[in-house]
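Any read-out appearing in this document is the output of simple, stated calculations on the displayed coordinates, not a laboratory observation. Remember, predicted model here, so these are calculated numbers, not experimental data. FYI the Cβ positions are ideal-geometry reconstructions off the backbone, even for glycines, and counts take in every protein chain you see.
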Amino acid sequence: MAQDIKDNKDLEERAKGPFAHFFISGWNHLVRLMGVNVLYMLFNIPALAVAFGFAIVFMPGLITAFDLQKFITVPAVPQDGAPVYASASQVSVQLYLLLIAFFVISLVASLLVTVGPFQAGFAQVYKDIRNGTSVSLFSSFKVGLKENWKKSLVSMFIGIFFTAVIILAVSFYLNMKSDVGIVIGTVFCVLFIAFILIQNFVYNLMVTTDLKLGQIYKNAVLFLLIRFANCLALGIVVALFYVIIPFYLLMSASYLTLGVFVFLYSFVVVAWVQYGLSYYTGCLVDKYVASEINEEKSDDVELELDSKEE
């Protein structure tokens, strides 16, 4: 009888579809996701410090590359009817600091610069919420951290290294101010978004498979390629919530938009976007990963994966 009830419940959940189930599961665990969001920012204070160092090093080049001077340059008193702009020594300190805040939050929220073992713990929380096996936030967190701290530590350094390389390349090529430089710089901007998706896939694959880290990265890249259209849509969502929206809110420089930014990125956006990417990764694992029970593989692509799912 209990098994029949469970089977009926599973059928109902599948009937809702993955998109609806994502929002239903997220809404049912709204408080837990908000707690994850707050803890993520607190536990990643060391990552925020590293990202701030990145900002100090790379922001001057990026400001020039993306023509952001207009956001940090204040107009001086007009002379002879023509506006004269302040020199570099007279830039608006407040707006420059807001640009740094945007840069830091974008890097940390996207998992490019993060404390790897803690993120493995949060990935386990997302997995348990998706599977409906979540008991408590901290119990799931401890399991993910304990079982994956070594791999996640290596992934953390990989993320920091490749992030620095990509940002340096974007700054270098866009500052060439030539057609070739713009094309190559744009390619690296696309790679920047793609790498965000890969890093999110990696941390979620850690808690769902028993693979070595090299195989995890291989399959994260394969996921990106074999579901390119879906990942393109995910990339747009990532760019929207990690780049466009925070940039708009911070550069508006009003108390209202700053308040909205603080609330959204302290309690809502980071956890929901990460949960969305975790949920999608779980769907890919369900489709392509051979389970340890039936050892079946998809006909679409050969993936070297051993799933932890039962």
Legend entry - Where a label projected 7 Å from the Cα of Ala229 along Cα→Cβ would reach, residues of segment 253-293 with amide N under 14 Å: none
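Could you give the length gained on full extension between Val165 and Ser139, defined as 0.36 nm per residue of separation minus the Cα-Cα distance, in nm? Please report the intermediate quantities before stating the final value.
Numbers: separation 26, 0.36 × 26 = 9.36 nm, distance 3.62 nm.
Between Val165 and Ser139, full extension yields 5.7 nm more.
If N is the number of residues in segment 32-288, what value comes out of its Cα radius of gyration divided by 2.2 N^0.38 Å? Write out the running numbers ahead of the final one.
Details: Rg = 19.6 Å, N = 257, 2.2 N^0.38 = 18.1 Å.
Rg over 2.2 N^0.38 Å, computed on Cα atoms: 1.08.
For segment 32-288, what relative contact order do you get, as a whole percent, if you take Cα pairs closer than 8 Å and at least 6 residues apart? Please list the in-between numbers first.
Working: 290 pairs, mean separation 63.5, N = 257.
Taking the mean separation of contacting Cα pairs over the length of segment 32-288, I get 25 percent.
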Legend entry - Computed lengthening from Leu240 to Asn131, 0.36 nm per intervening residue step minus Cα-Cα distance: 36.5 nm
Inset, instruction - Using a cut-off of under 19 Å, list every residue of segment 248-281 whose amide N is near the label point 7 Å from the Cα of Phe23 along the Cα-to-beta-carbon line. - result: 268-281
Legend entry - Footprinting exposure proxy for Phe241, Phe162, Phe19 (fewest neighbouring C-beta atoms within 10 Å first): Phe19, Phe162, Phe241
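Can you sort Arg227, Arg130 so the residue with the fewest Cβ neighbours within 10 Å comes first? Mind showing how you got there, number by number?
Numbers: Arg227 19, Arg130 24.
Final ranking by Cβ density, sparse to dense: Arg227, Arg130.
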Inset, instruction - Describe numerically, in nm with one decimal, the distance between label points set 7 Å from Cα along Cα→Cβ at Tyr255 and at Val93. - result: 2.1
Inset, instruction - Note the full-extension length gain between Ile56 and Val187 as 0.36 nm times their separation in residues minus their Cα-Cα distance, in nm to one decimal. - result: 44.8 nm
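What does the net charge come to around Phe141 if you take all other residues with beta carbon closer than 13 Å to its beta carbon, with K and R at +1 and D and E at -1?
Working: positive: Arg32, Lys127, Lys142, Lys146; negative: Asp128, Glu147.
Within the 13 Å Cβ shell, the charges total +2.
Sort 35-47, 264-276 for me by packing, meaning the mean count of neighbouring Cβ atoms within 10 Å per residue, highest on top. Write down the numbers at each step before the final one.
Values: 35-47: 18.3, 264-276: 20.7.
Result, highest mean first: 264-276, 35-47.
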Inset, instruction - Would you mind ranking His21, His29 by Cβ crowding within 10 Å, fewest neighbours first? - result: His21, His29
Legend entry - Spatially near lysine pairs across segment 32-288, Cα under 28 Å, sequence gap of 8 or more or different chains: 24
Inset, instruction - List the residues whose amide H sits under 5 Å from the amide H of Thr209, counting only those 5 or more places along or on another chain, with H placed 1.01 Å from N in the peptide plane. - result: Lys308
